[in-house]
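Below: one structure, written as structure tokens.
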Amino acid sequence: MPIQTQSLDATSDGIAVAADLLRAGGLVGFATETVYGLGGDARNDRAVARIFAAKGRPHFNPLIVHVPDLVSALAYARFSDQALEIARAFWPGPLTLVLPLRADVGLSPLVTAGLDSVAIRVPAHPVARALLRAFDGPLAAPSANPSGRVSPTRAAHVLTGLSGRIEAVLDAGPCAVGVESTILGLVDTPQLLRPGGVPVEALEQALGHPLTTGGSAEKPNAPGQLASHYAPNAGVRLGVTAPRADELWVGFGPDCPNAALSLSASGDLVEAAANLFHILREADTGAGAGGIAFAPIPETGLGRAINDRLRRAAAPRPAEIVA
Ligand code: TXA
Ligand code: MG
């Protein structure tokens, strides 16, 4: 069902409406200095699942968490002295830092795609900052374009791509930088994960040494970890309509009345995506000797991303990761 997408002016009234929509779990396109972001409450599983649905992303790649200032960022990630130095030098601005995630800080596991690191950014755009302050919480925000299309630098671009799939766009004119933020990984050795709005030379000067390149925009660093994290310890079988007696059955839809757990009893893919990482953990804890059996999930809409993640969970793990 398409929804009516509002176009809001970036006045204090428009920003207040946008913040209310976000609090209600809605999705709002908003300007940052780099590109327009598609914002949703980073603590709300359903809002984050809807971001993936609106973009039509076939994978749950991790999203950037936007916060209004460094103090807010400290709540979600662990900063080394070096990370603090870089953050103080470049925030607010077009730099995203990938840092160790603090445990149990209330971010949806969909935002981090189950990783134990988190990408955080403090945008410089005055409207982005005003929205973050009015919303008073962390916003997950990938670029506000359908998956595989170019990033939007004007509100009209956002509407062209996502009208009918998001609650509103907050129009603050064209973006000044026009390319995405630079992503610097600081989980261990500093690594350039994506070139972007902050020149690499400026980072190298601040760090005092050249940067190595790890991963790429669409393939975050250490894809093996990405695949294996949240891979349950228990064995996983997919597409199961008749589970064995020693298996914990995770259902989907109304045809699995005996399932111990369900991704969505009504067969709602957004609900299933919102539940996915929680259920993977819960099923792993409760699984018997026979492991976990997942009911079939349709290969449409968010079902593609859910199946992609479940196939990774079911895949045999490389020996070096198990060890
Ligand atoms: O300029 C920008 O950064 C824009 C504006 C809206 O802020 N946002 C943006 O988000 O480009 P997105 O979701 O399109 O890009 C997020 C990138 C992805 O390439 C993802 O792989 C990487 O960040 N990423 C996120 N969390 C990560 C993590 N824990 N480890 C490694 N890479 C991560
Ligand atoms: Mg993008």
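The values are calculated or read from the model by the stated rules, or taken from the named source; none is laboratory data. The structure presented is a predicted model; accordingly, all values stated were derived computationally and were not measured. All Cβ positions, glycine included, derive from the backbone under ideal geometry; neighbour counts span all protein chains shown. Please note that ligands, DNA and RNA were not included when accessible areas were found on the heavy atoms of the full protein model with its side chains. Shrake-Rupley method; radii C 1.70, N 1.55, O 1.52, S 1.80 Å.
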On the basis of being under 30 Å from residue 270 (Cβ atoms), more than 12 Å from ligand 1 (Cβ to nearest atom) and open to solvent by 30 Å² or more (accessible area, probe 1.4 Å), does residue 189 make the cut?
no
Would you call residue 213 open to solvent by 70 Å² or more (accessible area, probe 1.4 Å), among the hydroxyl-bearing types (Ser, Thr, Tyr), in contact with a Leu (Cβ under 6 Å, 6 or more places away or on another chain) and at pLDDT below 95?
yes
Cβ contacts < 7 Å: first residue small (Gly, Ala, Ser), restricted to region 153-165; second residue open to solvent by 70 Å² or more (accessible area, probe 1.4 Å), any location; separation 6+ or different chain. Result?
155/7; 161/149; 164/2
Here the residues within region 265-279 that are more than 19 Å from the chain's Cα centre (by Cα) and at negative phi are 265, 266, 268
Which of the numbered conditions does residue 120 fail, given that it passes all the others? Conditions: (1) β-branched (Val, Ile, Thr); (2) surrounded by fewer than 23 Cβ atoms within 10 Å (Cβ to Cβ); (3) touching a residue at least 24 places away in the same chain (Cβ under 8 Å).
(2)
Any hit, region 67-74, residues being of a type in the set (Val, Ile, Thr), within 15 Å of ligand 1 (Cβ to nearest atom) and within 16 Å of the chain's Cα centre (by Cα)
yes
Residues in region 115-142 that are within 16 Å of ligand 2 (Cβ to nearest atom) and farther than 15 Å from residue 169 by Cβ: how many?
4
